[in-house]
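Presented below is the structure to which this report refers.
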Amino acid sequence: MKKISFLVFMLVFIFAFPTIGQAAGSGTSIYLNGEALNLPKNGQVQNVKGNVMIPIRVVMEELGFDVDWEKGTRTVTIKQADTTIKLIVNQKSATVNGKKAALSIAPMLKQDTTLVPLRFVSEQMGLTVGWDNATKTVYLITPDQGGGGGEGSNTSSGSSNSEDGSINPNPVPSQNLASVTGISFDANRLIVAVDQNVKPNVFKLSEPDRIVIDIPDSRFDDSFSSNHSLDAFQNGFMDINGYPDVTKIRYSQFSDHPSTIRIVMDLTGARNYSLLNADDGYVIIDLNVDQSYPSRGNGKPLVVIDAGHGGSDPGAISVRKRREKDFNLAIAKKVENLLKHETQLDYILTRSTDVFVKLQDRAKLANDMNADLFVSLHANSGSATASGVETYYTRGESLPFAKTMHKYLVESSGLPDRKVRTKNLHVTRETTMPAVLLEFGYLSNSSDEALLYTEKFQNSVAQGVVDGIKDYLGFK
Ligand SMILES: [Zn+2]
């Protein structure tokens, strides 16, 4: 397996938006490929029933389309390349290249100018339209910006239920969309779990300070809502406590066209970040880059907690038909809750929900993060009489860690000591730091199994895991 020498941190798309672009009347800002549009100061941009309406002068001067106004028939003709749109004042029906198209709001006359619905016009012209309801900001992205980068990023875009979203002429096919399976915030890092490689666009915004992560061609996995709040409009948030930089993380299906998930980190002030996207199923936005938090140089060891199996891989099935993956995750969450209070070390979970994660990605995450310790959590299966706990390691450098962890595993479980063992296991072999795999008992054994699913046992062994880690690191 290819070893990544260290985190390839990329500082991308860090820029500050200019503060122009406010329309007095609507409080709405419009950005075209990251540049604020010069909107008329007299408040002609209007927000009418959730539809951003713009004067035809803005369409011409700022968006660069040809505009004709025919006074007698009160018809606006907007042209660009091979697209011609005809709109008539007070009519909710338009034509695009001669074909009828419905509008959710009619063009209107206001103060001697004609206002047209921005989303309709933009989308018909092939632009991607995004809408951030919190800041009343429209993001327009031209197709030639796709895949490029540069300021404004390439695919932002907006929630079709917020603005005028009723017209969606070219829905993106749902195949090949990446599924976002989890969002978590640990050790001052945002971790987004996705089921395939993605090319996120990350940028900073101010007033208020926030970091925006757009994941193009993505959607929320069906399992996402079982572990995260998500409303009927595909919006949700997490309050963040215990970290001074971040107050909240918001996420939404920001656009259906193209299907884009937007995650926003609300900050307590301007913060730098680094993006780690090693195409391994995790997108990580690391805030540990400011001087007060030197990345991985903050002196704090990083421990990876790896709940075995998950998603389509249930692991072993117990004598009472319970799944190993659920046990493993329960322990991981309990360990996480304990580690939250340990200020001397950082930790990261390979999964915090019931999702499938490849073995390769678990090891790669640990290696890419330059983690100091790796602990994989499992329960065993074998004969009906086998009972007890085992600690596995593969590489010799992991043996001292394995011995320490095993001591606490035996004590905290109260189960028979089946010893420290060596075995050629992927996650303990491919990781580049001391790594162990703990087997907390036998799901094939009726009495082990009954014990393993009790809160008391789980709390005890979770504490044992934390105590073992602390002991090995010299924090005990
Ligand atoms: Zn297992």
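Centre-to-centre, using Cα atoms only, region 230-268 and region 85-119 are separated by 33 Å. Counting every other Cβ atom within 10 Å of each residue's Cβ, R189, R323, R74 order from fewest to most as R74, R323, R189. Translational diffusion of region 178-286, estimated by Stokes-Einstein from the Kirkwood radius over alpha carbon pairs at 25 °C in a medium of 0.890 mPa s, is 178 µm² per second.
Computed over region 307-401, the alpha-carbon pair-distance distribution with 10 angstrom bins reads 14, 41, 36, 8, 0, each value a whole percent. How far is it, in nm, from the label point at Q111 to the one at Q196 when both lie 7 Å from their Cα along the line to the Cβ? Once both label points are built, they end up 4.8 nm from each other. Sorted fewest first by neighbouring Cβ atoms within 10 angstrom, Y31, Y273, Y453, Y282 come out as Y453, Y31, Y282, Y273.
Ordering 107-116, 456-465, 324-333 by mean Cβ neighbour count within 10 Å, with the highest value first, yields 324-333, 456-465, 107-116.
Share of pairwise Cα-Cα distances greater than 11 Å in region 233-272 is 64 percent (whole percent).
Taking every DSSP beta bridge that has both ends in region 302-473, the antiparallel portion is near 20%. Among W131, W69, the ranking by other beta carbons within 10 Å of each residue's beta carbon, starting with the fewest, stands as W69, W131. Three principal axis extents describe the C-alpha atoms of region 302-473; from largest down they are 39, 32, 32 Å.
Read the figures in this text as sums done on the coordinates, not as results from a lab. Nothing here was measured: the structure is a model prediction, and the numbers come from that model. Every residue, glycine as well, gets a Cβ built from its backbone with ideal geometry; the counts of neighbours run over all protein chains shown.
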